[in-house]
Every structure is written in C-alpha cells, then in structure tokens.
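Engineer: Below is one structure. I have some questions about it.
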Amino acid sequence: MRFKLALRNVLRQKTRTAMTLAAIIFGVTGLILAGGFVQDTYIQLGEAIIHSQTGHIQVFKKDFLSKGTRSPERFLIDAPEALVKQIKSNPAVDEVMARIFFTGLLNNGKRDLSIFGEGVEPDKEVQLGSFITIAAGRHLTDKDRDGILIGQGVAKTLGLNPGDRVTLVLSAAEGAMNTLDFEVIGVFQSFSKDFDARAVRIPLAAARELMFTQGANLLVASLHKTEDTDKALREISAELANSPYEVRSWKNLSDFYDKTVQLYERQFGVLQFIILLMVLLSVSNSVNMSVFERQGEFGTMQALGNRSRDIVRLIIMESATIGLAGALLGVLIGTLIALGISAIGISMPPPPNANVGYTAYIRIVPATLLSSACVGLFATILASILPALKVTRLEVVDALRQNV
C-alpha cells in the first residue's frame, strides 16, 4: 500500500521527477563509461606487457631480479629442459620458452652502442609477441642462426637497416670476452621506448654459443587465458616451493603497470565522489522543494493519525523509487552508449613511454554496472534523509495552515 502511494506521488510531480531522473541517469551513465574505459586501459596495457616482454609467468633463480642485471651468467638454470616439461604440464600453460640475458656492445663498423640482449627461441617468441610490431624487415625464425632483431631506437642510433652486418661483443662466463657477427633481420617496435632504445634479440643457440653455456636465465610461460594467471601462479609456485627457483607473474614484474593501475584507481575514485556529490545535491534540492510544497499534505496525514516516521518512510520510499528507476535506466543507457562507442573505437595517442597509439573501447564489466547503479540508488536515498527528517519538526497546526 505504501509503495503504491509513493509511486503515485512520484508520478504526480512529473517535471521534478524527470529532472531528478535525468541527474541520476547522467551520473550512472558517466560512471559506467568512465569505469569501462579504465577497465579497457588495464586490459590493453596488461596484454601489451605480456605479449611484448614478460609473458604471463616467469621462473628464474632466486635473486635474479635484484642481482642478475649486471651478471646474468651467475644466475643460469642448468639443463632447463626438465623444468620446462614440469611447467608445461600445468593445464593452464600454453607454451614455455627459455631466455638468456646478456649485456654488451653492438658495433656497426663505425661506432659502438651499449645494449642489453635476449637469446630467445624465435618461433615461440613470435607466437607470444603479438604486440611487437616489425617496423622494418621481419621476425626472427629458428632458421636464422646468425640473425639479430634490433629495437627501433638501436636502429636509429646506429643507422641500421635489415641486411646490414653488425658485431656483438659481450662478456661471457668467468669474464671471458666473445664476439660474433650477425645480420640484421628486422627492426621491432614494442610499447616501450626505453626498451626499444637498447634491446636486441638473437637466437637462443647463438646466445649460448657466445656465453659458453647450455642453460637459461629464465623460463617464460604463456597461458591460454590471461584470467588464469593467478591460479597458474599459485599452482606453479606450490610445485617449486622447495626449489632454488622463484616464480613471478607479469603483474609483479611490471612496475609501470602497477603505478598506472594505482593512478587510474585514484582518478576513478575522485570521479565517483564527484558524481555522488552531484546526485546528492540534485536530489536533496528536489526533495526539499517537495517537502516545502507538501507541508499541508503532511499535516493532514498527521491529523489523520499517521506518525512522523511514517511520513519519513514515505518520502524515503519515493526517493528510492526514483533512484531505482534512474539507476536501471542509467545502466541501460550507459550499456547502449558503451556498445556504440566500442563498435567505433576511440583513437588514443601513445601512452607515456610508448611509441604507438592504440584504439580504446568501453568494456561492459558487471562489477562496474553494479557499483554505478548502487551509487545512483544510495545517493538518492541518502539525499532524501535530511529533508525527510525536517517533517518530524513540523507542528501539525502549522502544517495544516499551509492548506489555507
């Protein structure tokens, strides 16, 4: 009965109800679009990191991350084949590839450039590296025994093009120096300018020949689905708990991703607060006007035996009805707009420290839809509480006088 009365009162004040609905719908839609954009940023940035550098999960000797940069030869996994087989037995793992790291000098016959390099399994890396763009030439293959893939920054600094010959000089095990000539097969471009400015890749066999080893510094696991990362990380970590190896996921390996997520979460939190405040002010103003205009009505209700708390409940129920309708309409309109924008895409400039732009989309995330609807609904209810409590301070005689 009380709900029917609240609904009738809401429909009776069409103009004010429409204005309140518009504010709620605008707020909920804005949250859905902003939240969907932020989620897309997380996903695209994560996939770029995974498929250009880190893979989903990496396994390496303990202390490799903190001490292995200067002396990678001290943190080699000897005979990694058995460990590769063990990791690949996990059902979430698609492929496992070995990498060996080195630092050295790249010479083009005229000048040297300090570089850091990776010895990789080319065919496997091509499957993983879907976010690596070949700016010139082509990808390495397992057949390129003396081929080298260089970053765009390296190519620009040394003036190199596919087909040019270069000499790689590095410090092998126990401080011995070793050199090997390579042919530039291709020039790559990843999402990171800093990485492209110093990075080169050569076949794993060539790197092992240069470093006098058959080992690897780390094993990179790519998964069937990125969503399985946390589960696979727990399972692989449990299997290797008593070994000298450390297991990390791509999230742990990318400080840039972690800082980006923190930044966007703070920004989205501020946006939620602003929209919450906007809805609160809008609804509060609307309810205040309604309470003022309906003082005579409330006085009549009290004279007929209704208690003050009954009137408070009625006002809050009216606001909740508007809030629920606004939240549902906001979710519907926000979803439709998000689908429309995603069908076209948003052309974005290169992010900080990146080389190329990307196309952004608005992701439809159930958690974002729910949280946005809740903000709209609860803000409306919260905004109605203070004006509704004013009714309890009205004297019945003074309220009835408003009918005259």
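The values are calculated or read from the model by the stated rules, or taken from the named source; none is laboratory data. Predicted, not measured: the structure shown is a model, and the values here were computed from it. Don't worry about glycine lacking a Cβ; one is built from the backbone with ideal geometry, like all the others, and counts go over all protein chains shown. With ligands, DNA and RNA removed, areas are computed over all heavy atoms of the protein, side chains included. Shrake-Rupley method; radii C 1.70, N 1.55, O 1.52, S 1.80 Å.
Engineer: Tell me the mean residue ellipticity at 222 nm calculated for the chain from its helices only (DSSP H runs of n ≥ 4, each -39500 (n - 2.57), averaged over every residue, nearest 500).
Structural biologist: My calculation for the chain gives -17500 deg cm²/dmol from helical runs alone.
Engineer: Please report how far the C-alpha centroid of segment 16-57 lies from that of segment 163-202, rounded to the nearest whole angstrom.
Structural biologist: 39 Å
Engineer: Same structure, new question: Pick out which of Leu281, Leu21, Leu218 has the largest mean-square fluctuation in a Gaussian network model of the chain, springs linking Cα atoms closer than 10 Å.
Structural biologist: In the Gaussian network model the winner is Leu281.
Engineer: With a point put 7 Å past each Cα toward its Cβ, work out how far Ala367 is from Ala176 in nm, to one decimal.
Structural biologist: About 5.2 nm, to one decimal.
Engineer: Using label points projected 7 Å from each Cα along Cα→Cβ, tell me how many nm separate Arg313 and Met348, to one decimal.
Structural biologist: According to this spin-label approximation, the distance is 4.9 nm.
Engineer: Plugging the Kirkwood radius over Cα pairs into Stokes-Einstein for the chain, at a temperature of 25 °C and a viscosity of 0.890 mPa s, what D comes out in µm²/s?
Structural biologist: Taking Rh from Cα pairs, D becomes 96 µm²/s.
Engineer: Another one. Mind telling me which of His224, His51, His139 comes out most flexible in a GNM of the chain, alpha-carbon contacts under 10 Å?
Structural biologist: The residue that fluctuates most here is His224.
Engineer: Go ahead and run the numbers for FRET between Met19 and Leu65, Cβ-Cβ distance against an R0 of 56 Å, rounding to 0.05.
Structural biologist: The pair Met19/Leu65 has a calculated efficiency of 0.45.
Engineer: Then there is this: If DNA, RNA and ligands are ignored and the probe is 1.4 Å, what is the ranking of Ser52, Ser114 by accessible area, most exposed first?
Structural biologist: Highest to lowest solvent-accessible surface, that is Ser114, Ser52.
Engineer: If the elastic network links every pair of Cα atoms under 10 Å, which of Glu47, Glu235, Glu95 fluctuates the most in the Gaussian network model of the chain?
Structural biologist: With Cα springs under 10 Å in the chain, the top fluctuation among Glu47, Glu235, Glu95 is at Glu235.
Engineer: What whole-number volume per residue, in cubic angstrom, does the convex hull of the C-alpha atoms of segment 17-116 give?
Structural biologist: 212 Å³
Engineer: Along the three principal axes, how long is segment 180-284 when you take its alpha carbons, biggest first, rounded to the nearest angstrom?
Structural biologist: Principal-axis extents of the Cα atoms in segment 180-284, largest first: 75, 40, 23 Å.
Engineer: Please calculate the 1.4 Å probe accessible area of Tyr245, with all protein chains present, and give it to the nearest 10 Å².
Structural biologist: It works out to around 50 Å².
Engineer: Right, another one. Each residue of segment 226-240 in turn: what ³J(HN,Hα) in whole Hz from Karplus with 6.51, -1.76, 1.60 and θ = phi - 60°, glycine and Pro shown as x?
Structural biologist: Taking θ as phi minus 60°, the curve returns 4, 4, 8, 4, 4, 5, 5, 4, 4, 5, 5, 4, 5, 5, 9 Hz for segment 226-240.
Engineer: What is the distance, in nm, between label points placed 7 Å from the Cα along the Cα-to-Cβ direction at Phe116 and at Ile385?
Structural biologist: Each label point lies 7 Å from its Cα, and together they span 5.3 nm.
Engineer: How much length, in nm to one decimal, is gained on full extension between Glu227 and Phe212, taken as 0.36 nm per residue of separation minus their Cα-Cα distance? The partial results should precede the final answer.
Structural biologist: Details: separation 15, 0.36 × 15 = 5.40 nm, distance 3.83 nm.
Answer, rounded to one decimal: 1.6 nm.
Engineer: Are any of the pairs Lys88/Lys225; Lys225/Lys259; Lys62/Lys88 more than 18 Å apart by Cα-Cα distance, and if so, which?
Structural biologist: Pairs exceeding 18 Å: Lys225/Lys259; Lys62/Lys88.
Engineer: Follow-up question, since we're still on this one. How much length, in nm to one decimal, is gained on full extension between Ala205 and Met289, taken as 0.36 nm per residue of separation minus their Cα-Cα distance?
Structural biologist: 22.4 nm
Engineer: Give the carbon-plus-sulfur fraction of the accessible surface of segment 41-91 in %, rounded to a whole number; probe 1.4 Å, heavy atoms of protein chains only. Numbers along the way, then the final one.
Structural biologist: On the way: 1290 of 2450 Å².
Taking all protein chains in place, segment 41-91 shows 53 percent carbon and sulfur surface.
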